[in-house]
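So the structure is just underneath, and the comments pick up after that.
Laboratory data are not the source of any read-out in this text; all were calculated from the coordinates shown. Only a predicted model underlies this, so the values are computations on that prediction, with no experimental measurement involved. Don't worry about glycine lacking a Cβ; one is built from the backbone with ideal geometry, like all the others, and counts go over all protein chains shown.
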Amino acid sequence: MKIFNDYYNNQVKLSFFDQPFELHPKHVWVICRYQSKWLLTRHLERGLEFPGGKVEKDESAKAAAIREVKEETGGEIESIQYIGQYFVTGRKDQLAKNIYFAEIKSLKKQSTYMETAGPVLLEKLPENIRINESFSFIMKDDVLTHSLEIINEHFVNS
C-alpha cells in the first residue's frame, strides 16, 4: 500500500489489491487508451482528466466505469481491467474509488457529454501535469503516477 497526500493535502491510501478499502465503492476513475493515445475528457470546471464519477444505485463499479467513459467521451470500451482502489480521507468526508484501465474500440460523437466538453486525445501525458493549469486536481497526485506504472508494466508499451 502507498500512502501520500493529494493535491488538497488529504491523506490518500492506494492499493493495487482487489477492493482493499470498500467492496462496493461509490466512485470510479478510468484511465483510457484509444488508438495508442490517452483518452481524457475536459471537465467544465476542473479541466483535463480521465473519465470517472459516481456509482449509481444498483450499479456495479465496473458498470459505472463503462457508463462514465461513454457519457463523458463517447467511448465504447473494448476491454476494461480493474487496476486498484484508493481511499481519501478529507476534511469533511471519506471516499473509496476504483481505478480501471480501458482500451477503447471507438469514439462516437454525442449531443452531450454530461458535465464535460467531450473527448481529448493526447499522444503523451505531459511531465508537468502537477503544475499545468489545464489539468484537473485529480490528475495531480501520485494515484496517477503509480497507476500509470502498473498500466505501462502490464498493458501498454509507451
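Spatial offset of segment 2-62 relative to segment 101-119 amounts to 16 Å, using the alpha carbon center of each. Could you pull out the pairs from K37/K140; K62/K105; K62/K108; K37/K108; K13/K54; K2/K124 whose alpha carbons sit more than 23 Å apart here? Correct reply: K2/K124.
Over 24 Å, how big is the tail of the calculated P(r) for the chain, in percent of all Cα pairs? Summing the P(r) of the chain above 24 Å gives 27 percent of all pairs. For segment 1-109, trypsin sites (Lys or Arg not before Pro) meeting the loop criterion (DSSP other than H, G, I, E, B) and having at most 12 other Cβ atoms within 10 Å: K57, R91, K92, K108, K109. Summarising the strand pairing of the chain, around 80 percent of its internal DSSP beta bridges are antiparallel. Using only side-chain charges placed at the Cβ, +1 for Lys and Arg and -1 for Asp and Glu, the dipole size of the chain relative to its Cα centre rounds to 160 debye. Over all alpha-carbon pairs of segment 5-92, lay out the pair-distance distribution in 5 Å bins, whole %, shortest bin first. Once binned at 5 Å, the Cα pair distances of segment 5-92 give 3, 13, 21, 24, 21, 14, 4, 1.
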